[in-house]
Amino acid sequence: IAEIVDFSPRIDAVMITGDLADGGSAEDYALVQDILAPIDVPVFAVPGNHDARAGFRAAFENTLPFRPGPKLDYEAICGNLRIIALDTLIEGEVHGGLDGGQLDWLAERLAEVTDRLTLVLMHYPAFPSMIAALDQMCLRGGRSKFAELIAAYPAPLRIMSGHIHRPFQTLWHGVCCAVSGGPSFQHALDMTDKVSEPSVANEPFAYFIHRIEEAAAVTVHTRYVTL
């Protein structure tokens, strides 16, 4: 957080792709709010598998425009960005999914093509990391329909996800997708066919800084932070 607050030039917004808490208690989210308090720009977040919807909603209901219903999806405008946030949490599971109602809502949103860059936030990657054990823990429910909607969108779009604890980027259905790692342990890079979760790597944690000049011109740098 100190790195983000002190970065020059000033960062305009912060995106957090899930797992803000570990167990999802009210005390967890009170701590999250305390930790994030120094950030005086908009924070856009989605829940991960370590979050709990009730606590997450209570923590962010005054700052994020959640749509009606139990899921924590929303759409927001931030400068030259359109942000579509998807709640991919399946409580009690290590993998994620999107239900039919969410996919219908996403289709409606993507039917409105905009000159702004559209940024999709979701915890579970729908795109592959090529780390076999981790890809088994990613988006399962609704993945094929989600891929169809993403592939058909005719304007610039990016997907930012979490869940996998190491920074990587990929091109998936013509869309630039990224996971920036996280402020905790990092997974080792193991691109074999092993079914066991990779070991922990002795690497610094990381986040991405996006410099957006226009919808079709985005520069991404990896920022490493040593403990």
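The values are calculated or read from the model by the stated rules, or taken from the named source; none is laboratory data. Every value quoted in this text rests on a predicted model; they were computed, and no experiment measured them. Using ideal geometry, Cβ is built from the backbone for each residue, glycine included, and neighbour counts are taken over all protein chains shown. Side chains are part of the model used for accessible areas, which takes the heavy atoms of the whole protein and leaves out ligands, DNA and RNA. Shrake-Rupley method; radii C 1.70, N 1.55, O 1.52, S 1.80 Å.
Results, tabulated for the structure shown:
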| quantity | calculated |
| --- | --- |
| Residue check, Ile35 open to solvent by 40 Å² or more (accessible area, probe 1.4 Å) and hydrophobic (A, V, I, L, M, F, W, C) | yes |
| Members of the stretch 47-72 that are assigned to a loop (DSSP other than H, G, I, E, B) and over 15 Å from His123 (Cβ atoms) | Glu61, Asn62, Thr63, Pro65, Arg67, Pro68, Gly69, Pro70 |
| Enumeration of residues in the stretch 116-158 that are at positive phi and buried (at least 18 other Cβ atoms within 10 Å of the Cβ) | Gly142 |
| Residue pairs meeting the criteria (Cβ under 9 Å; at least 6 apart or on separate chains; first more than 26 Å from His50 (Cβ to Cβ), in the stretch 138-155; second in a strand (DSSP E or B)) | Ala151/Trp172; Ala151/Val175; Tyr153/Thr118; Tyr153/Val175; Ala155/Leu117; Ala155/Thr118 |
| Flag if Phe185 is in contact with a strand residue (DSSP E or B) (Cβ under 7 Å, 6 or more places away or on another chain), open to solvent by less than 40 Å² (accessible area, probe 1.4 Å) and either within 20 Å of Cys138 (Cβ to Cβ) or aliphatic (A, V, I, L, M) (or both) | no |
| Scope the stretch 80-101; condition assigned to a loop (DSSP other than H, G, I, E, B) and within 15 Å of Gly142 (Cβ to Cβ); matching residues | Asp87, Thr88, Leu89, Ile90, Glu93, His95, Leu98, Asp99 |
| Strands (runs of 3 or more DSSP E) enclosed by the stretch 149-227 - at least 2 residues per element that are closer than 30 Å to Gly100 by Cα and of a type in the set (A, V, I, L, M, F, W, C) | 157-161, 167-172, 175-180 |
